[in-house]
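Below you'll find the structure, written out as structure tokens, and then a few comments.
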Amino acid sequence: GFYVGTAVAGGGHHLEQDYPDPFSSDREYRKTLAKQFSSVSAENQMKWEYLRPEQDTYNFESADAIAEFAERNNQVVRGHTLLWHSQNPAWLEEGDFTKEELREILHDHITTVVGRYAGKIQQWDVANEIFDEQGNLRSEENIWIRELGPGIIADAFRWTHEADPEAKLFFNDYGVEEVGAKSDAYYRLTQDLLEQGVPVHGFSVQAHLSMRYGFPAGLEENLRRFDELGLETAVTELDVRMDLPESGEPTDEQLEQQADWYQRTLSACLAVEDCNSFTIWGFTDKYSWVPVFFEGEGAATVMTGDFERKPAFYALRDTL
Ligand code: XIL
């Protein structure tokens, strides 16, 4: 009942445009993906940008491939994501829609996408990153909240639940590992929604950690308070990035510290009763998003670019 997952690389802006999709072209990658993991998440392939190239088009090719791969390999799937401020297609962000039209666009998307994979998705990140660092709703950046008001969040959970009553429905965010303004905002919101009978089932922390800062030691305490609300919890996007020395190769001390942080994150999840899903955001540095998004940092996953196992790989294995 405990799932260890990874994001499946593909479609990322950090991969060069003509870079072959690792999921379909890299044998070693697929072998490791099939063998080491019991859960998979689409790194990009279920985002609006990829599913909805045009308003009237759904492109399910890559998402279907992941769902089929998971089925063949007895893996569960985490769906990511339905309501987000980022990676939305231009036709949506720049379109001139009435409120009624926008509402219908979201409803149709959720019904179509969630319905297509109904019964195959263990957990959906229904709402992703809806709060800013201060714990305020992103009511400017997020098109849905801006145009339709905060009530759209509850509607998104209701529509998802209607389309797939089996899937567990999550809020997902970064910077919410510990108790603080941002995670407090989720705590209050989920409590509120639960009281109203909205089908919210889980709260998940992405856990994109950087060795520039300290380890989020309050992780277990924070997961536990959501657990006590009656929610499932999960770690959904763990990676541990570091400043790379001139050589480009991490030092042994860096690799040890990284291993320790992977292990402590897993241990926190294992210690909390309904934290049943633990996902790392890619397993090889070969395809990691980190070096492109965080200047000077890298080597954030559990395997080198040559699929060599780092100390972090063994730390996770030995903790499970
Ligand atoms: C990242 C992907 O890894 C990149 O390939 C893409 O270019 C940008 O998005 N929080 C999330 C993920 O919820 O969807 C993000 O994934 C990382 C941060």
**Prompt:** For segment 169-218 and segment 224-300, what is the separation of their Cα centres, given in Å?
**Reply:** 16
**Request:** At most 14 other Cβ atoms within 10 Å and a DSSP loop assignment: could you name the GluC sites (Glu not before Pro) in segment 149-188 that fit?
**Result:** Glu166
**Request:** Output the peptides 246-257, 226-237 sorted from most to least packed, where packing is the average of other Cβ atoms within 10 Å over each peptide's residues.
**Result:** 226-237, 246-257
**Simple label model, 7 Å out from Cα along Cβ direction - Arg72 to Arg309, nm** = 2.5
**Item:** 21 Å Cα-Cα threshold exceeded, pairs from Lys35/Lys286; Lys120/Lys286; Lys35/Lys310; Lys182/Lys310
**Value:** Lys120/Lys286; Lys182/Lys310
**Fill in**
Counting Lys and Arg as +1 and Asp and Glu as -1 over every other residue whose Cβ sits under 15 Å from the Cβ of Glu237, the net charge comes to -3
**Item:** Antiparallel DSSP beta bridges within segment 163-320, as percent of all bridges there, nearest 5
**Value:** 15
**Request:** Please work out whether segment 66-185 counts as rounded, prolate or oblate from its C-alpha gyration tensor, where a ≥ b ≥ c are the square roots of the eigenvalues and a/c under 1.5 means rounded, while otherwise a/b larger than b/c means prolate and anything else oblate?
**Result:** oblate
**Item:** Extension gain, Lys120 back to Ala217 (0.36 nm per residue minus Cα-Cα distance, nm)
**Value:** 31.5 nm
**Fill in**
Here, the chain modelled as identical Cα point scatterers in vacuum has Debye log10 I(q)/I(0) at q = 0.09 Å⁻¹ of -0.43
**Message:** For Thr319, project a label point 7 Å along Cα to C-beta. Then give me every residue of segment 42-83 with its amide nitrogen under 20 Å of that point.
**Reply:** none
**Item:** DSSP-defined beta bridges in the chain - what % are antiparallel, rounded to 5
**Value:** 10
**Message:** For a quick check of your reading of the filter: which chymotrypsin sites (Phe, Trp or Tyr not before Pro) in segment 182-218 sit in a DSSP loop and have no more than 12 other Cβ atoms within 10 Å?
**Reply:** Tyr213
**Request:** Multiply the residue separation of Arg225 and Ser210 by 0.36 nm, subtract the distance between their alpha-carbon atoms, and state the gained length in nm to one decimal.
**Result:** 3.0 nm
**Asked** Under the rule of -39500 (n - 2.57) per DSSP H run of 4 or more residues, summed and divided by the residues of the chain, what mean residue ellipticity at 222 nm is obtained, to the nearest 500 deg cm²/dmol?
**Response** -12000 deg cm²/dmol
**Request:** Would you please classify the overall shape of segment 138-187 from the alpha carbon gyration tensor, given that a ≥ b ≥ c denote the square roots of the eigenvalues, rounded means a/c under 1.5, and beyond that prolate means a/b larger than b/c while oblate covers the rest?
**Result:** oblate
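Every number in this text was worked out from the coordinates using simple rules, so none of it is lab data. Just so you know, these numbers come straight off a predicted model, no measurement behind them. Don't worry about glycine lacking a Cβ; one is built from the backbone with ideal geometry, like all the others, and counts go over all protein chains shown.
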